[in-house]
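This report refers to the structure that appears directly beneath it.
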Amino acid sequence: MFKAYRYRLIPNDEQKVQLAKTFGCCRFVYNQILARKIDLYKNSRKSISKTDCNNYCNRELKNEFIWLKEVDKFALTNAIYDLDTAYQNFFREIKNGNKNQGLPKFKSKRNRYYSYKTNFTNNNIKVDFENNRVQLPKLKWISCKLHRQFDGVIQSATIKQYPSGKYFISILVDTDIRELPKNNNIIAFDLGVKEFLVDSNDKHIDNPKTIYKYEQKLAKLQRQFAKKQKGSNNWNKHRIKVARLHEKIANIRIDFLNRLSSQIINDNQVIISEDLNIKGMLKDSKLAKSISDVSWGEFTRQLEYKADWYGRTYHKIDRWFASSQTCSSCEHKNKSVKLLTIRKWECDKCKTIHQRDENASINILNKGLKELGLFAYR
């Protein structure tokens, strides 16, 4: 099974120059091949395979632009292959009737997020855990914060530079992941904005509201940034300050989601949730900011791949199931409690008093167990 390990890179000045060259060459090749593909399609309605594009790069572009030979050849090849995937996806979406799908865009050097991918071959990527360093093609040994070890065969490495200026490497490894011991625990949960999660065991997890904690500081930095002359040293210093704060907010959010998803996977054999229409929910201007900050999509994505790794069952019920309006005791549907402002309500039929999210989590659990062919919980 493939698993990626992410570490912080600390290159020296010479290595930073080589990394910048590689990022730039990948962007240049990507744009050159994209322009060639578009011209060929417009003029003759023909396509060109990724192998032919790679041969064109090796035989013509590298002879015309000698400096392309100074960087890792696998980085250029992967840039071409990534473009081909995006190009094929465009035509696939058009055939499926998605008229809003656009062609892949040309990459701009003004984009502060850079990355490239290199493949493992002939032992060209090495990891030295004792001395905290990584060897990469054209870069030799680079200092790296190797905070955890891994066992397995390295497949590839992706090097990234974020807008904050920090460098990271993600090493893809073919490794064995041991499944967790099986248990009889079953849990379902209802995701929310005020409270991040309420599960079928009546446990409430508060929403950390990460963006709101740093909102004033971020606004202040952005006001200062807007007053600087574009391209000046002070402008660049404040750009980095803003980028680092954005990165801090993202890291806090991801850390919270990883800890919570790992805890749920470790403790439960079966996990059930709703299949939320997040894209549609974001159209609500009053809730869009809160929904973006809470990151339901990332949380459920983590549950999916961790359940696959560790032998757990993660199931999503239909998004149109009225979990908040249905009485978990008698299954009577009360449409009058559809408004989010109603947090407690009494069933018209059986007179049971429900807390909105706790009731929803029990309904999600029973619905999921029924779909999985298991027994009813309550």
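The values are calculated or read from the model by the stated rules, or taken from the named source; none is laboratory data. Since we're looking at a predicted model, the values are computed, not measured. Here the Cβ positions follow ideal geometry from the backbone for every residue, glycine too, while neighbour counts run over all protein chains shown. Surface accessibility is based on the protein's heavy atoms, side chains included, excluding ligands, DNA and RNA. Shrake-Rupley method; radii C 1.70, N 1.55, O 1.52, S 1.80 Å.
For the reader, a short list of remarks on this structure follows.
- Only one of the numbered conditions (1) surrounded by fewer than 17 Cβ atoms within 10 Å (Cβ to Cβ); (2) in contact with a strand residue (DSSP E or B) (Cβ under 8 Å, 6 or more places away or on another chain); (3) among the acidic types (Asp, Glu) is not met by Asp72, and that is (1).
- Meets criteria (open to solvent by 40 Å² or more (accessible area, probe 1.4 Å) and either touching a Phe, Trp or Tyr at 6+ places or on another chain (Cβ under 9 Å) or modelled with pLDDT of 95 or more (or both)) for Tyr167: no
- Any hit, region 48-68, residues being open to solvent by less than 30 Å² (accessible area, probe 1.4 Å), free of Cβ contacts under 8 Å to residues at least 12 places away in the same chain and out of contact with any strand residue (DSSP E or B) (no Cβ under 9 Å at 6 or more places or on another chain): yes
- Some residue of region 82-103 being modelled with pLDDT of 95 or more, hydrophobic (A, V, I, L, M, F, W, C), open to solvent by 20 Å² or more (accessible area, probe 1.4 Å) and assigned to a helix (DSSP H, G or I): no
- Per the conditions (1) among the hydroxyl-bearing types (Ser, Thr, Tyr); (2) at pLDDT 95 or above; (3) part of a helix (DSSP H, G or I), the sole criterion not satisfied by Tyr7 is (3).
- Matching residues, region 115-135, being open to solvent by less than 60 Å² (accessible area, probe 1.4 Å) and without any contact (Cβ under 8 Å) to a residue 60 or more places away in the chain: Thr118, Asn119, Thr121, Asn124, Ile125, Val127, Asp128, Phe129, Gln135
- Residue, least open to solvent (accessible area, probe 1.4 Å), within region 335-378, restricted to residues that are in a helix (DSSP H, G or I) and among the acidic types (Asp, Glu): Asp357
- Taken over region 304-334, the criterion of being in a loop (DSSP other than H, G, I, E, B) and either at positive phi or out of contact with any strand residue (DSSP E or B) (no Cβ under 9 Å at 6 or more places or on another chain) (or both) is satisfied by Gly311, Trp320, Cys330, Glu331.
- Residues of region 138-159 that turn out to be open to solvent by less than 40 Å² (accessible area, probe 1.4 Å) and either assigned to a strand (DSSP E or B) or touching a helix residue (DSSP H, G or I) at 6+ places or on another chain (Cβ under 7 Å) (or both), as a count: 8
- For beta carbons closer than 7 Å, sequence separation of 6+ or different chains, a first residue in region 73-101 that is in contact (Cβ under 8 Å) with a residue 12 or more places away in the chain and a second that is part of a helix (DSSP H, G or I) and among the basic types (Lys, Arg), the qualifying pairs are Ile80/Lys50; Tyr81/Lys50; Asp84/Lys50; Tyr87/Lys37.
- Any hit, region 194-202, residues being open to solvent by 50 Å² or more (accessible area, probe 1.4 Å), closer than 30 Å to Lys21 by Cα and under 24 Å from the mean Cα position of the chain (by Cα): no
- Breaking point among (1) out of contact with any Leu (no Cβ under 9 Å at 6 or more places or on another chain); (2) more than 30 Å from Asn266 (Cα to Cα); (3) surrounded by 18 or more Cβ atoms within 10 Å (Cβ to Cβ), for Tyr162: (3)
- Leading residue by the ranking (most open to solvent (accessible area, probe 1.4 Å)) among those in region 18-47 that are touching a residue at least 40 places away in the same chain (Cβ under 8 Å) and among the basic types (Lys, Arg): Lys21
- Only one of the numbered conditions (1) over 25 Å from the mean Cα position of the chain (by Cα); (2) touching a residue at least 24 places away in the same chain (Cβ under 8 Å) is not met by Arg112, and that is (1).
- When residues of region 170-193 are limited to those that are closer than 30 Å to Gln135 by Cβ and open to solvent by less than 30 Å² (accessible area, probe 1.4 Å), the one modelled with the lowest pLDDT: Thr175
- Check on Ser232, surrounded by 15 or more Cβ atoms within 10 Å (Cβ to Cβ) and of a type in the set (Ser, Thr, Tyr): no
- Pairs, first touching a residue at least 12 places away in the same chain (Cβ under 8 Å) in region 194-207, second part of a loop (DSSP other than H, G, I, E, B) and of a type in the set (D, E, K, R), C-beta under 7 Å, six or more apart: Asn207/Lys194
- Boolean, Ala75 is in contact with a helix residue (DSSP H, G or I) (Cβ under 8 Å, 6 or more places away or on another chain) and within 29 Å of Leu136 (Cβ to Cβ): yes
- Residue count for region 238-254 under the criterion of being over 14 Å from Tyr113 (Cβ atoms), touching a Ser or Thr at 6+ places or on another chain (Cβ under 7 Å) and among the aliphatic types (A, V, I, L, M): the result is 2.
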